Amino acid sequence: MIQVLFVHQNFPGQFGPIVEALREAGGFRLAAIGRRLHVPQGISYYPYTLKPVVASGSSVVDSLTQRVAAAESVAEQGRQLKQDGFKPDVIVVHAGWGEGLFLRNLFPQARIVCYCEYYYGRIGSDLTFDPEFLLASDDVLHRLRGANALSLATMDDADICVAPTAWQKSTFPAEFGSKIAVLHEGIDIDALGAGKARPMRFAQTGIEIAPGSPVVTYVARSLEPYRGFHTFMRSLPMLLAQETNVQVLIIGKERGGYGPSPPDGRTWRQVFSEELGGRLDPARTHFLGWVSREVYANCLRLSRVHAYLTYPFVLSWSLLEAMAAGCAIVASDTAPVREVLQDRQTARLVDFFQPADWAGQIRELLHATAQRQQLGMAARHAVIEQGLTRKACAARWLELIRSLAGRT
């Protein structure tokens, strides 16, 4: 029985598909440490509470202190694991948040896999990409450099590191390149490709969107500039004016995100809605918030054109899922996207900063039935061809963990 420990503050997070694959394969005893209270069944779970940090007057010091506090909390749970008789053969830990800082001290015999999601660069990265939203102060950069330092410490302790995409691997220092393998968690292509679109009805307005209607979709974890929400919003008045029957479905939380919030306490939706005045038709622009998996999948099935935008940053699962669902995609011409999509072959790629071009490209595809079908089929095939399906990635993760445990 191979014993595997997962460490992730938002467990299962990206590790969900890996946990599922190990459980289905059998022969594994699983445990996890994280901050969430509810996790999948069949796994020994040790939740930790982050100890409060006494404010020092420096956001940089407080950020580092909080990450070290997370490492200490994880270490406490690790000691409890040992007392309970769990001795991991393999540990899979996310490099962020400092959680893995002391794992090698606790489990010197374990083989450690470090999941490397992103390394913050000073230039040519998300931090300097958008001239409209540059760093508010040097403190932001200082905090992220501190976060990078703890990530590197965890990577140094690891036996192997894993990045989900080649571009995300490229953000890490070249000295670690030979230690980082490219291995995604995988997308459930069968679930997303199965089933027919169902009508969507909005009780408050009585509006019903039937399958086959001209629908444009936009999905992000949070509605924020990092995911091009400002550019997409600014494209909508032009699109809605020219396409009088189009319906727009927007999925995402209004608070939180990877980047900073507006300084005045508003949400980014409020900021850009106020900027646009009355030029968004509320009867055709639907903000759905954070929806269930079932509603999300149905939105992708209803979609005639799907819009995806991102800074040079972590590639969203939602893009790969839209590809797997066979959506016709208009996406930002940014480096993470170019790794998985090719302009005019699997999607339309558009300058991130040009709302008029976004409106124009979406309009063209709304009326180009044959091209939509060709792009959607090609995008779905690209997920398979690039080895990004759940089945393909699960096989590689199983092979990796078994080999580290010496069971191959």
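Can you tell me which of Val337, Val330 is over 27 Å from Met200 (Cα atoms) and out of contact with any Leu (no Cβ under 6 Å at 6 or more places or on another chain)?
Going through Val337, Val330 in turn, the sole match is Val337.
Quick test for you: out of Gly146, Gly121, pick the one residue that is assigned to a helix (DSSP H, G or I), surrounded by fewer than 21 Cβ atoms within 10 Å (Cβ to Cβ) and more than 17 Å from the chain's Cα centre (by Cα).
Gly146
Quick test of your reading of the structure: Cys161 fulfils all but one of (1) over 24 Å from the mean Cα position of the chain (by Cα); (2) surrounded by 15 or more Cβ atoms within 10 Å (Cβ to Cβ); (3) not assigned by TED's automatic domain parsing to the domain that holds Val295. Name the failing condition by number.
For Cys161, the failing item is (1).
Do we find that Tyr226 is among the hydroxyl-bearing types (Ser, Thr, Tyr) and in a strand (DSSP E or B) in this structure?
no
Is one or more of the residues making up segment 257-272 free of Cβ contacts under 8 Å to residues at least 60 places away in the same chain and of a type in the set (Phe, Trp, Tyr)?
The answer is yes; a qualifying residue exists.
Go through (1) under 15 Å from Gln247 (Cβ atoms); (2) in a helix (DSSP H, G or I) one by one and return the number of the condition Pro211 breaks.
Only one criterion in (1) under 15 Å from Gln247 (Cβ atoms); (2) in a helix (DSSP H, G or I) is unmet by Pro211, namely (2).
Output yes when any residue across segment 5-13 is loosely packed, with under 15 Cβ neighbours inside 10 Å, in contact (Cβ under 8 Å) with a residue 24 or more places away in the chain, of a type outside the set (Asp, Glu) and not in a helix (DSSP H, G or I), and no when none is.
Yes: one or more hits.
I'd like to know if segment 252-267 contains one or more residues that are surrounded by 21 or more Cβ atoms within 10 Å (Cβ to Cβ), in contact with a helix residue (DSSP H, G or I) (Cβ under 7 Å, 6 or more places away or on another chain) and not assigned by TED's automatic domain parsing to the domain that holds Phe133.
no
Hey, can you tell me all the residues within segment 117-146 that are under 23 Å from Pro263 (Cα atoms) and either among the aliphatic types (A, V, I, L, M) or free of Cβ contacts under 8 Å to residues at least 12 places away in the same chain (or both)?
Answer for segment 117-146, where residues must be under 23 Å from Pro263 (Cα atoms) and either among the aliphatic types (A, V, I, L, M) or free of Cβ contacts under 8 Å to residues at least 12 places away in the same chain (or both): Leu127, Thr128, Pro131, Leu134, Leu135, Ala136, Ser137, Asp138, Val140, Leu141, Leu144.
Go through (1) part of a loop (DSSP other than H, G, I, E, B); (2) closer than 24 Å to Lys253 by Cα; (3) touching a strand residue (DSSP E or B) at 6+ places or on another chain (Cβ under 7 Å) and name the single condition Glu185 misses.
(3)
Scan segment 165-181 and give yes if some residue there is of a type in the set (Gly, Ala, Ser) and buried (at least 21 other Cβ atoms within 10 Å of the Cβ), otherwise no.
The answer is no, given that none of the residues of segment 165-181 is of a type in the set (Gly, Ala, Ser) and buried (at least 21 other Cβ atoms within 10 Å of the Cβ).
Kindly indicate which of Glu294, Glu224, Glu274 is within 17 Å of Glu132 (Cβ to Cβ) and exposed (fewer than 13 other Cβ atoms within 10 Å of the Cβ).
Glu274
Is at least one residue of segment 76-96 under 25 Å from Pro164 (Cα atoms), surrounded by fewer than 19 Cβ atoms within 10 Å (Cβ to Cβ) and more than 26 Å from the chain's Cα centre (by Cα)?
There is no residue in segment 76-96 that is under 25 Å from Pro164 (Cα atoms), surrounded by fewer than 19 Cβ atoms within 10 Å (Cβ to Cβ) and more than 26 Å from the chain's Cα centre (by Cα).
The values are calculated or read from the model by the stated rules, or taken from the named source; none is laboratory data. All figures in this text were calculated on a predicted structure; none of them were measured in a lab. Counting neighbours? That spans all protein chains shown, and the Cβs are built from the backbone with ideal geometry, glycine included.
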